[in-house]
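Inspection log for the structure reproduced underneath, given as structure tokens.
The values are calculated or read from the model by the stated rules, or taken from the named source; none is laboratory data. These figures come from a predicted structure and were not determined experimentally. Here Cβ is always computed from backbone atoms with ideal geometry, including for glycine, and neighbour counts include all displayed protein chains. Note: areas computed on protein heavy atoms with side chains; ligands, DNA, RNA excluded. Shrake-Rupley method; radii C 1.70, N 1.55, O 1.52, S 1.80 Å.
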Amino acid sequence: MPAPAAASHELLRAPLFHTPANPFHDPRALVCHEDGALLIRNGAIAASGDFSTVRAAHPDVPVTDWRNGFVLPGFVDTHVHFPQLRILGGLGRTLLDWLEHVALPEEARMADVAYATGTAQRFVRALASHGTTTALVFGSHFSPATAALFDAADAAGLRVISGLVVSDRYLRPELHQSPEDAHRDSTELVRRYHRRGRLLYAVTPRFALSASEPMLEMCGALLAEHEGLRVQTHINESRVEIAEVPTLFPWAADYLAVYERFGLTGSRTVLAHDVFPTDSELARLAADDTSIAHCPSSNAALGNGIFPLRRHVDAGVRVAVGTDVGGGTGFGMLKEGLQAHLMQRIAEPAGLNLDPARLCYLVTRAGAEAVGLGDEIGDFSPGKAADLVYVRPPSGSPLAEVLSRSQSMVESLAAIFTLAGPESVREVRVAGDVVHSA
Ligand SMILES: [Zn+2]
């Protein structure tokens, strides 16, 4: 964990955005303060609002002046694979072809602990430098590599929820493990890392195709044996993948039924993709409070399809956003929000309009809720942890020019989603601690 910020008591003065409510249901959910303030005390938000109001109540607290930029809550990436950092950009393949020829050979290299440790350190730095303060991360198929990720996240001070990826068929022999060995290794990792600092453990079967029934049973057993674990896996990502499910699980009515049978759905579960859900699956996801990680760049890059966001929202399913590195195109959650917006623009039938309020919610609070941290992070309500991103574009950049003539905070937020890359992320904090500074 990094050293705490020097001032345990600080008033940040900056234009602020956050979504303490859900803008899919509440048109006033986006809160903007053009001359805003965050009072941070011992890593937590003690007050937020207009500078004049907060200042009047706290006249003696030292002020940090960030009026030349914008402050947003830290981004929450709900689906990202740490072993896939170095294979970003494998364009032009379908999911199963990409897995076999691009992703899995690199996943196999994680057997080399030194290689995995270097990857983990760069991966965690990439998260922080893009403004991601919390991530639900697919670990490795190898226990030492997964431990390396937890250690790197702990040292950097990020909130990382991850776990050993378990599979016993369909991939490559060196990525397969027996359910017994997977149980032993997972248990050891849970004991070492779950609830250590800002870390949490997630039970992580790769996907239904690569997990036998005894392996999925083992996953359910882990959940029963330990308090507070999360679950992450994939669902309904490509049509070819979905077509294989009935062969492997002839008793299952649909893809979701496989995970339901083994107790792997519910409020602690995040399923990535869900590009092709049935109406019944959507109704059951909503009833169970299972979350979906929407990964629009990956869905487009692998040619899978356009995410039916409107059907999810209408059914009442929780949706957040994930970058899906390396099937996706990078670590930027702002860019991922833009990609979600673009794909909804061309969705048939008509997609949902992802205005700046909804984009802000999707990359912050929605993610916090999906990973079960909605009471602790995701917006600037008093009592929450001071997880934040300070965005200030380089002078002379297109974003700086656009912002200089922006007529409103909402216009500025749309410009930030459209144009801000990591060069505009100047400082990132988790619970008040600086985890990235440029
Ligand atoms: Zn994935």
Just need the Rg to Rh number for the stretch 134-228, please, alpha carbons only, Kirkwood Rh. 0.96
May I ask you to derive the FRET efficiency for Ala438 and Arg196 from their Cβ-Cβ distance with R0 = 22 Å, giving the value to the nearest 0.05? 0.20
Only sites in a loop by DSSP and with at most 12 other Cβ atoms within 10 Å count here; which chymotrypsin sites (Phe, Trp or Tyr not before Pro) in the stretch 202-282 make the cut? Trp251
What do you reckon, how do Leu85, Leu12 stack up by accessible area (1.4 Å probe), largest on top? Leu85, Leu12
Rg/Rh for the stretch 151-289, where both radii come from Cα atoms and Rh is the Kirkwood radius: 0.97
Amide H of Thr64: which non-local residues (sequence gap of 5 or more, or other chain) have their own amide H closer than 5 Å, using H built in the peptide plane? Leu11, Leu12, Arg13
Degrees between helix 333-345 axis and first principal axis of the chain (Cα, 0 to 90, nearest 10): 70 degrees
Charge-dipole axis of the stretch 286-367 as Lys and Arg at +1 and Asp and Glu at -1 on Cβ define it, positive-most pick from Pro356, Pro296, Ala286: Pro356
Between Leu264 and residues 5 or more places away or on another chain, the pairs with built amide H atoms under 5 Å apart involve none
Helix 143-156 versus the longest principal axis of the chain: what is the Cα-based angle in degrees, 0 to 90, to the nearest 10? 0 degrees
Multiplying the sequence separation of His25 and Glu188 by 0.36 nm and subtracting their Cα-Cα distance, what value in nm do you get? 54.5 nm
Using helices alone, what [θ] at 222 nm do you get for the chain, with -39,500 (n - 2.57) per DSSP H run of 4 or more residues, divided over all residues and rounded to the nearest 500? -10500 deg cm²/dmol
State the antiparallel share, in %, of DSSP beta bridges confined to the chain, rounding to the nearest 5. 45 percent
Tell me which residues come under 5 Å, amide H to amide H, from Ala44 once H is placed; ignore anything under 5 positions away on its chain. Ala386
I'd like to know how the stretch 25-66 sits against the 2.2 N^0.38 Å rule of thumb: what's its Cα Rg over that expected value? 1.30
Taking the Cα centre of the stretch 69-167 as the origin and placing charges on Cβ (Lys, Arg +1; Asp, Glu -1), which of Ile87, Pro144, Ala126 is farthest toward the positive end of the dipole? Ala126
Using a Förster radius of 25 Å, what is the FRET efficiency between Val313 and Val410 based on their Cβ-Cβ separation? Nearest 0.05, please. 0.75
Could you tell me how many degrees, from 0 to 90 and to the nearest 10, lie between the Cα long axis of helix 213-225 and the main elongation axis, the longest principal axis, of the Cα atoms of the chain? 40 degrees
The distance between the Cα centres of the stretch 219-276 and the stretch 66-93, in whole Å, is 25 Å
Quick one: compute a quarter of the convex hull surface over the Cα atoms of the stretch 127-167 and quote it in nm². 2.7 nm²
Treat every Asp and Glu Cβ in the stretch 297-438 as -1 and every Lys and Arg Cβ as +1, leave all other atoms uncharged, and give the resulting dipole magnitude about the Cα centre to the nearest 20 debye. 220 debye
Could you state how much accessible area Phe150 has, in square angstrom rounded to the nearest 10, with a 1.4 Å probe and all protein chains kept in place? 0 Å²
Residue by residue through the stretch 414-419, what is 3J(HN,Hα) from phi via Karplus (6.51 cos²θ - 1.76 cosθ + 1.60, θ = phi - 60°)? Round to whole Hz and write x for glycine and proline. 4, 5, 4, 5, 6, 10
State to the nearest 20 debye the size of the charge dipole of the stretch 170-232 about its Cα centre, where the only charges are +1 on K and R beta carbons and -1 on D and E beta carbons. 460 debye
Dipole of the chain, positive direction: furthest Cα of Ser404, Ala420, Val435, with charges on the beta-carbon: Ser404
Can you give me the convex hull volume of the Cα atoms of the stretch 39-157, divided per residue and expressed in Å³? 143 Å³
Compute the whole-percent fraction of alpha carbon pairs in the chain spaced more than 28 Å apart. 46 percent
For the stretch 274-287, just list the computed ³J(HN,Hα) in residue order, Karplus coefficients 6.51, -1.76 and 1.60, θ = phi - 60°, integers in Hz, with x standing in for Gly and Pro. 6, 6, 10, x, 7, 4, 5, 4, 4, 4, 6, 4, 5, 5
Only Lys, Arg (+1) and Asp, Glu (-1) charged, at Cβ; the chain dipole about Cα centre in debye: 860 debye
